[in-house]
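What follows is one structure encoded as structure tokens, with my remarks underneath.
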Amino acid sequence: MNFFLKQIPERTQKPREYGFTMAMDKGLSLRETEDILESSADYIDIVKLGWATSYVYPKLKEKLQLYKEAGIPTYLGGTLFEAFVVRNQFDDFRKLLDDLEMQFTEVSDGSIQLPHDQKCEFISTLSKQVTVLSEVGSKDAEKIIPPYKWIELMQKELDAGAWKVIGEARESGNVGLFRSTGEVRSGLVEEILTKIPFEKIIWEAPQKAQQVWFIKLIGANVNLGNIAPNEVIPLETIRLGLRGDTFNHFLSETV
Amino acid sequence: MNFFLKQIPERTQKPREYGFTMAMDKGLSLRETEDILESSADYIDIVKLGWATSYVYPKLKEKLQLYKEAGIPTYLGGTLFEAFVVRNQFDDFRKLLDDLEMQFTEVSDGSIQLPHDQKCEFISTLSKQVTVLSEVGSKDAEKIIPPYKWIELMQKELDAGAWKVIGEARESGNVGLFRSTGEVRSGLVEEILTKIPFEKIIWEAPQKAQQVWFIKLIGANVNLGNIAPNEVIPLETIRLGLRGDTFNHFLSETV
Amino acid sequence: MNFFLKQIPERTQKPREYGFTMAMDKGLSLRETEDILESSADYIDIVKLGWATSYVYPKLKEKLQLYKEAGIPTYLGGTLFEAFVVRNQFDDFRKLLDDLEMQFTEVSDGSIQLPHDQKCEFISTLSKQVTVLSEVGSKDAEKIIPPYKWIELMQKELDAGAWKVIGEARESGNVGLFRSTGEVRSGLVEEILTKIPFEKIIWEAPQKAQQVWFIKLIGANVNLGNIAPNEVIPLETIRLGLRGDTFNHFLSETV
């Protein structure tokens with residue numbers, strides 16, 4: 001840090017098992033990628049190339065290389081996995097992961113109907129090839145999954161070989177974990193945490209109020225995802241109690 | 001594209017007569033302009049320098065040159081045209097277009113009162129000098145134009161020499177085609193489409209939900225405008241059915 | 001300007017005593033900083049490194065140097081001052097200002113309880129070291145300060161040595177001067193202006209509608225703050241009556 005302040009919450013260090021930030025890249029140019037690495041590399045633990053933007057982005061391999069050189073793993077958004085699966089191109093997807101030398105992948109069913117046994121099989125198969133993040137929750141705001149079901153799905157996906165499970169929210173933060181207004185489904189989150197360790201969950205939380213809510217509930221070292229690149233530094237200050245939103249929360253904790 | 005996926009909607013190719021994306025530049029630096037060209041040039045068909053930002057932007061000619069070298073036409077936002085007209089400086093405006101070697105211009109009356117005959121005369125005069133895009137709709141949320149009138153205005157402006165007509169929405173997407181909440185005035189759009197071919201209309205649709213609505217109604221190759229530079233790649237994935245919002249829409253169409 | 005238009009409101013010139021724009025940098029990379037300087041340096045009078053982002057930003061001194069070379073003063077957000085004060089590290093804060101060669105600082109109490117006499121003492125002490133901007137208003141949406149109290153606080157802080165006083169709004173523009181919806185507390189602002197000269201006040205106004213409101217009330221040369229870097233050029237056009245929102249307002253004034 002640039003100077004010394006007392007009573008700052010302790011943060012985990014890279015490579016972080018928890019307390020990590022997943023940033024979403026939805027089409028940054030190579031130079032913009034370098035920029036975000038310059039300002040924020042210390043605070044980004046993994047980058048998702050949002051949904052299927054990797055299909056249209058013109059310099060995909062060069063971009064992956066930039067992140068690799070910075071020591072930041074990347075993965076392709078779950079919607080791309082689903083786009084291959086729904087077209088019966090799962091083998092092509094596996095070849096793509098090899099071709100791009102990916103170390104991580106996401107398995108999700110936010111836009112497709114996938115029997116859960118089959119989803120778990122995909123997780124199991126892919127986990128022999130790469131590290132798997134699996135996502136629970138629908139992109140459809142009207143598909144409400146009750147808490148006990150979230151827990152059951154998450155546990156089975158971890159058992160099937162997922163490294164961590166992701167709670168769905170989309171880029172906008174208004175489905176899955178959240179109501180259409182962006183408000184957290186707090187009962188859902190609290191019930192999940194009675195059964196699944198917080199270290200195993202990445203909460204998609206693109207809106208500031210959502211990040212604040214999770215940090216107040218779980219602490220500075222909660223795993224948060226779908227963070228816009230230019231919000232990574234702001235998020236880090238919220239984790240450290242150095243923005244108005246958590247300023248007093250951490251002070252009282254650390255005093 | 002970076003890899004092969006079946007059943008992807010067919011997109012028109014550059015130079016596109018329809019299916020095109022108009023991006024809005026409201027003051028990008030030269031390097032930011034290069035960045036957007038690197039990531040998104042294939043998906044941008046024309047760039048508008050938003051409203052009168054060209055008046056204050058310090059390196060205007062250099063920026064126009066960058067777009068020119070990338071083969072992407074540009075035009076100055078309609079508010080600038082109106083600013084000249086309302087000051088009785090129309091001749092200065094024509095000289096400016098020459099001085100800047102513009103190939104396109106916009107004619108609008110979103111902020112001024114302009115008898116429609118006179119607007120059509122401006123279109124007619126300017127269409128001898130450059131390619132004209134004319135815009136219908138007020139920037140004033142309280143001026144509601146009924147559908148039959150939109151159609152009449154659009155048709156007369158096309159007859160006067162406009163290459164295409166633009167449906168007003170502003171940068172924010174909450175006037176003209178849209179209610180103050182951003183909701184599409186769907187009856188208006190559907191009625192317009194009974195009389196004016198979709199190829200001749202550019203719908204300003206800065207919000208994602210608006211883009212999705214038009215793509216679902218008209219297809220992957222609808223003309224959309226006022227797209228923020230960093231939303232061009234996301235928009236392209238929506239056109240291709242590769243984002244949650246249109247994922248199933250195009251699958252059922254292409255199967 | 002790039003070309004001539006009649007009847008444009010006259011703007012103050014740098015170094016501006018009023019009519020100035022305070023931009024907020026919440027973690028721009030060095031190259032992004034250069035970019036914003038290229039496009040907008042003429043229209044930025046001072047830059048705030050938002051709240052305590054300076055604590056985590058990795059190349060702080062290099063960034064400060066870039067602004068310095070462009071002739072644009074900078075200061076560290078008030079939350080950082082508060083973070084030092086609440087930890088009894090005020091002397092460390094003063095040393096930090098020296099170490100970073102800061103010429104300006106902010107004194108605020110948006111997140112801490114600070115007796116006003118003590119706040120004024122901080123202002124007085126710091127004003128012997130640097131130029132002080134002091135901020136009035138809480139970051140807590142539920143702490144409503146009545147107008148007469150705003151005036152009293154502002155006057156005392158100016159008397160204590162503040163160069164200008166800032167009206168609180170946060171990055172989001174939904175506290176202090178504004179209701180939680182972003183709507184201006186217009187009665188408050190108008191009452192303040194009966195007692196405090198507009199030249200002495202910087203209104204934080206991150207949202208466009210807020211900027212428009214202040215420009216219509218006070219004129220092109222109102223002091224506005226918390227402007228996102230990519231909104232500086234748009235704001236300048238609003239000041240000049242060259243965007244729809246103020247297009248007719250200034251025309252009628254200047255005719």
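The values are calculated or read from the model by the stated rules, or taken from the named source; none is laboratory data. As the structure is a prediction and not an experimental result, all values here were calculated from the model. Here the Cβ is made from the backbone with ideal geometry for all residues, glycine too, and neighbour counts use every protein chain on show. Just so you know, the surface numbers come from the protein's heavy atoms only, side chains and all, with ligands and any DNA or RNA stripped out. Shrake-Rupley method; radii C 1.70, N 1.55, O 1.52, S 1.80 Å.
Could you order the peptides A:203-216, A:54-67 from most to least packed, using the average number of other C-beta atoms within 10 Å per residue?
Values: A:203-216: 21.1, A:54-67: 18.9.
Ranked by mean Cβ neighbours within 10 Å, highest first: A:203-216, A:54-67.
Provide the percentage of antiparallel DSSP beta bridges, counting only those with both residues in the stretch B:21-254; round to the nearest 5.
Values: 1 of 23 bridges.
Close to 5 percent.
Within the stretch B:1-35, which chymotrypsin sites (Phe, Trp or Tyr not before Pro) sit in a loop by DSSP and count at most 15 neighbouring Cβ atoms inside 10 Å? Can you show the working numbers first?
Numbers: sites: B:PHE3, B:PHE4, B:TYR18, B:PHE20; in loops: B:PHE3, B:PHE4, B:TYR18, B:PHE20.
Of the chymotrypsin sites (Phe, Trp or Tyr not before Pro), the ones in loops of the stretch B:1-35 whose Cβ has at most 15 other Cβ atoms within 10 Å are B:PHE4.
Pick from A:MET102, A:MET24, A:MET154: which residue has the top mean-square fluctuation in a GNM of chain A where Cα pairs under 10 Å get a spring?
Largest GNM mean-square fluctuation: A:MET102.
When each copy gets a label point 7 Å from Cα toward the beta-carbon at C:SER186, what are the spacings between them in nm, shortest first?
Here the equivalent label points are 3.5, 3.5 nm apart from this one.
At what distance in nm do the modelled label points of B:PHE90 and B:GLN129 sit from each other, each positioned 7 Å from its Cα along Cα→Cβ?
1.0 nm
Summarise the accessible area of the stretch A:24-63 (1.4 Å probe, protein heavy atoms) by the percent that is carbon and sulfur.
Details: 500 of 1010 Å².
Within the stretch A:24-63, the accessible surface is 49 percent carbon and sulfur.
Among DSSP bridges having both ends in the stretch C:122-255, what percentage is antiparallel? Round to the nearest 5. Numbers along the way, then the final one.
Numbers: 1 of 10 bridges.
Counting only bridges with both partners in the stretch C:122-255, antiparallel ones make up about 10 percent.
Carbon-plus-sulfur fraction of the accessible area of the stretch C:186-255, 1.4 Å probe, in percent? Can you show the working numbers first?
Details: 1140 of 2230 Å².
Taking all protein chains in place, the stretch C:186-255 shows 51 percent carbon and sulfur surface.
For the ranges B:219-226, B:114-121, C:77-84, what's the packing order if you count other beta-carbon atoms within 10 Å of each residue, average per peptide, and put the highest first?
C:77-84, B:219-226, B:114-121
Taking the Cα of A:LYS149, stepping 7 Å toward and past its beta carbon, and measuring to each backbone N in the stretch A:186-228: which are under 18 Å?
Within reach of a label on A:LYS149: A:186-193.
Applying 1/(1 + (r/R0)^6) with R0 = 30 Å to the Cβ-Cβ distance of B:GLU38 and C:LYS68, what FRET efficiency is obtained, to the nearest 0.05?
Details: r = 30 Å, r/R0 = 1.01.
About 0.50, to the nearest 0.05.
Over the alpha carbons of the stretch A:105-159, what is the largest minus smallest coordinate on each principal axis, giving the biggest first in Å?
Over the stretch A:105-159, Cα extents along the principal axes are 34, 21, 16 Å.
Greater than 22 Å separation of Cα atoms is the criterion. Which listed pairs, A:LYS48/A:LYS143; A:LYS164/B:LYS208; A:LYS139/B:LYS216, meet it? Kindly include the intermediate steps, with their values, before the conclusion.
Numbers: A:LYS48/A:LYS143 24 Å; A:LYS164/B:LYS208 30 Å; A:LYS139/B:LYS216 17 Å.
From A:LYS48/A:LYS143; A:LYS164/B:LYS208; A:LYS139/B:LYS216, over 22 Å: A:LYS48/A:LYS143; A:LYS164/B:LYS208.
Summing +1 for each Lys or Arg and -1 for each Asp or Glu, what net charge is found among the other residues whose Cβ lies under 9 Å from the Cβ of A:ILE151?
Working: positive: A:LYS149, A:LYS195; negative: A:GLU152, A:GLU191.
Value of the local net charge: 0.
Determine the shielding of peptide A:19-31 by partner chains: average, over its residues, the number of Cβ atoms on other chains within 10 angstrom of each Cβ. All intermediate terms of the calculation are to be shown ahead of the outcome.
Numbers: counts 0, 0, 0, 0, 0, 0, 0, 6, 13, 4, 12, 3, 10.
Counting Cβ atoms of other protein chains within 10 Å of each residue's Cβ and averaging gives 4.
Sum up the charges of everything whose Cβ sits under 15 Å from the Cβ of A:ILE123, counting Lys and Arg as +1 and Asp and Glu as -1, but leave A:ILE123 out.
On the way: positive: A:ARG94, A:LYS119, A:LYS128, A:LYS156, A:LYS164, A:LYS200; negative: A:GLU82, A:GLU106, A:ASP109, A:ASP117, A:GLU121, A:GLU135, A:GLU152, A:GLU157, A:ASP159.
Taking every Cβ under 15 Å from that of A:ILE123, the sum is -3.
Using a 10 Å cut-off around each Cβ of peptide B:137-144, what is the average number of partner chain Cβ atoms that fall inside?
On the way: counts 0, 1, 4, 2, 0, 0, 0, 0.
That average works out to 1.
Please state the relative contact order of chain C as a whole percent: Cα pairs under 8 Å, 6+ residues apart?
On the way: 438 pairs, mean separation 53.9, N = 255.
Contact order relative to length: 21 percent.
Under a straight-distance cross-link criterion of Cα-Cα below 19 Å, which aspartates and glutamates are reachable from B:LYS149, leaving out those fewer than 8 residues away in the same chain?
Once the sequence-local aspartates and glutamates are set aside, what remains near B:LYS149 is B:ASP109, B:ASP117, B:GLU121, B:GLU135, B:ASP140, B:GLU157, B:ASP159, B:GLU168, B:GLU190, B:GLU191, B:GLU204.
What net charge is computed for the residues neighbouring A:GLU236, neighbours being all others with C-beta under 14 Å from the C-beta of A:GLU236, Lys and Arg scored +1, Asp and Glu -1? Don't skip to the end; give the middle numbers.
Values: positive: A:ARG11, A:LYS14, A:ARG16, A:LYS208, A:ARG239, A:ARG243, C:LYS26; negative: A:GLU10, A:ASP42, A:ASP45, A:GLU231, A:ASP245.
Once all neighbours under 14 Å are counted, the net charge is +2.
Mean projection of the alpha-carbon convex hull of chain A over all orientations, in nm²?
Values: hull surface 53.6 nm².
Computed as one quarter of the Cα hull surface, the answer is 13.4 nm².
Taking only DSSP H segments of four or more residues, each worth -39500 (n - 2.57), what value at 222 nm results for chain B once the sum is divided by all its residues, to the nearest 500 deg cm²/dmol?
On the way: 11 runs with 109 residues, N = 255.
-12500 deg cm²/dmol, from helical runs alone.
Between the label point of A:ASP140 and that of the same position in each other copy, find the distances and list them shortest first in nm, with every label point placed 7 Å from Cα along the Cα-to-C-beta direction.
4.5, 4.5
Considering the rotational relationship between chains B and A, which residue of chain B contributes the beta-carbon of minimal distance to the axis, and what is that distance to the nearest Å?
B:ARG31, 4
Sort shortest first the distances from B:TRP163 to its counterpart in every other copy, using label points 7 Å along the Cα-to-beta-carbon line, and give them in nm.
Nearest first, the other copies' label points are 4.9, 4.9 nm away.
Please figure out what share of the DSSP beta bridges in the protein assembly as shown is antiparallel and state it in percent, rounded to the nearest 5.
Values: 3 of 69 bridges.
Approximately 5 percent, going by the DSSP bridge assignments.
If I take R0 = 45 Å and measure r between the Cβ atoms of C:LYS195 and B:GLN118 in this structure, what FRET efficiency does the formula 1/(1 + (r/R0)^6) give, to the nearest 0.05? Walk me through the numbers before you get to the answer.
On the way: r = 49 Å, r/R0 = 1.08.
Efficiency computed from Cβ-Cβ geometry: 0.40.
Tell me whether the protein assembly as shown comes out rounded, prolate or oblate; compute the Cα gyration tensor, take square roots of the eigenvalues as a ≥ b ≥ c, and use a/c under 1.5 as the rounded threshold. Mind showing how you got there, number by number?
Numbers: a/c = 1.75, a/b = 1.00, b/c = 1.75.
Note, shape of the protein assembly as shown comes out oblate.
Calculated FRET efficiency, C:LEU30 and B:GLU101, Cβ-Cβ r, R0 45 Å, to nearest 0.05? Walk me through the numbers on the way to the answer.
Numbers: r = 34 Å, r/R0 = 0.76.
Working from the Cβ atoms, E equals 0.85.
Calculate the mean, over all residues of peptide C:94-102, of how many other protein chain Cβ atoms lie within 10 angstrom of the residue's Cβ. Spell out each step's value before the answer.
Working: counts 0, 1, 3, 0, 0, 2, 2, 0, 0.
Per residue, the number of nearby Cβ atoms from other chains is 1 on average.
What total accessible area, in Å², is buried where chains B and C meet, using a 1.4 Å probe and rounding to the nearest 100? Intermediate results must be reported in sequence, preceding the final value.
On the way: alone 12420 and 12420 Å², together 21980 Å².
Interface area, both chains combined: 2900 Å², rounded to the nearest 100.
Where only protein heavy atoms count, and the probe is 1.4 Å, what is the accessible area per residue for chain B in Å²? Write out the running numbers ahead of the final one.
Working: 9560 Å² over 255 residues.
Counting only protein heavy atoms, the per-residue value for chain B is 37 Å².
For the stretch C:110-255, just say rounded, prolate or oblate: build the C-alpha gyration tensor, square-root its eigenvalues into a ≥ b ≥ c, call rounded for a/c under 1.5, and beyond that prolate if a/b exceeds b/c, oblate if not.
prolate
Using Cα springs under 10 Å in a Gaussian network model of chain A, which residue among A:ILE36, A:ILE166, A:ILE44 shows the largest mean-square fluctuation?
A:ILE36
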